[in-house]
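S.K.: I have a structure here, written as structure tokens, and I will follow up with some questions on it.
The values are calculated or read from the model by the stated rules, or taken from the named source; none is laboratory data. Note that this is a predicted model, so its numbers are computed, not measured. Here the Cβ positions follow ideal geometry from the backbone for every residue, glycine too, while neighbour counts run over all protein chains shown. Accessible surface areas use protein heavy atoms only, side chains included; no ligands, DNA or RNA. Shrake-Rupley method; radii C 1.70, N 1.55, O 1.52, S 1.80 Å.
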Amino acid sequence: KNLAMALVADAAEVVEHFQWLTADESQALDAGKRAEVALELADVLLYLVMLADQLGVDLGEAARRKITLNEKRFPPPTRP
């Protein structure tokens, strides 16, 4: 529970860096802001890995399985 809550809290800290920015501004962060975001992303990654470890989840396998499911649910549009 605590790892899941910490994961969400740190994900929210990532979002804070982009709140009120346009899409273009979000893509053009200065070096300092990009470094801050990188540290927040690292926090999210670390909590995610720790949570997966505690639950015995193989993240690589879960990601592959999710990609396969998404490909079936959301096939690319056909071209005319």
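S.K.: Apply the Karplus curve 6.51 cos²θ - 1.76 cosθ + 1.60, θ = phi - 60°, to the phi angles in segment 15-25 and return the couplings in whole Hz, x for Gly and Pro.
M.R.: 4, 3, 5, 10, 4, 6, 8, 6, 4, 5, 5
S.K.: Mind checking the per residue accessible area of the chain for me, 1.4 Å probe, whole number of Å²?
M.R.: Values: 6700 Å² over 80 residues.
Value returned for the chain: 84 Å² of accessible area per residue.
S.K.: Which Cα, out of PRO80, GLY32, ALA52, lies furthest along the positive dipole direction of the chain (beta carbon charges, K/R +1, D/E -1)?
M.R.: PRO80
S.K.: A further question follows. Using only helices, what value at 222 nm comes out for the chain when you add -39,500 (n - 2.57) per DSSP H run of length 4 or more and divide by the total residues, to the nearest 500 deg cm²/dmol? Walk me through the numbers on the way to the answer.
M.R.: Values: 4 runs with 60 residues, N = 80.
The helix contribution divided over the chain gives -24500 deg cm²/dmol.
S.K.: With r as the distance between the Cβ atoms of VAL14 and ARG65 and R0 = 30 Å, compute the FRET efficiency 1/(1 + (r/R0)^6) and round to 0.05.
M.R.: 0.75
S.K.: Excluding GLU16 itself, calculate the net charge of residues whose Cβ lies under 13 Å from the Cβ of GLU16, where each Lys or Arg counts +1 and each Asp or Glu counts -1.
M.R.: Net charge around GLU16: -4.
S.K.: Keeping the other protein chains in place, figure out the carbon and sulfur percent of the accessible area of segment 25-80, with a 1.4 Å probe.
M.R.: 61 percent
S.K.: Ordered by residue, what ³J(HN,Hα) values in Hz, to whole numbers, does segment 6-11 give under the Karplus form 6.51 cos²θ - 1.76 cosθ + 1.60, where θ = phi - 60° and Gly and Pro are x?
M.R.: 5, 4, 5, 4, 6, 4
S.K.: The chain: which chymotrypsin sites (Phe, Trp or Tyr not before Pro) are DSSP loop and have at most 10 other beta-carbon atoms within 10 angstrom?
M.R.: Passing sites in the chain are TRP20.
S.K.: Shifting gears a bit: Let me spell out the model: positive unit charges on the Cβ of Lys and Arg, negative unit charges on the Cβ of Asp and Glu, origin at the Cα centre of the chain. What dipole size does that give, in debye rounded to 20?
M.R.: That gives the chain a dipole magnitude of about 640 debye.
S.K.: Kirkwood hydrodynamic radius, computed over distinct alpha-carbon pairs, for the chain: how many Å, to one decimal?
M.R.: Taking every pair of different Cα atoms in the chain, averaging 1/r and inverting gives 15.2 Å.
S.K.: Right, next: Please sort by residue number the trypsin sites (Lys or Arg not before Pro) in the chain whose DSSP state is loop and whose Cβ has at most 10 other Cβ atoms within 10 Å.
M.R.: Numbers: sites: LYS1, LYS33, ARG34, ARG64, ARG65, LYS66, LYS72, ARG73; in loops: LYS1.
Passing both the DSSP loop test and the Cβ count: LYS1.
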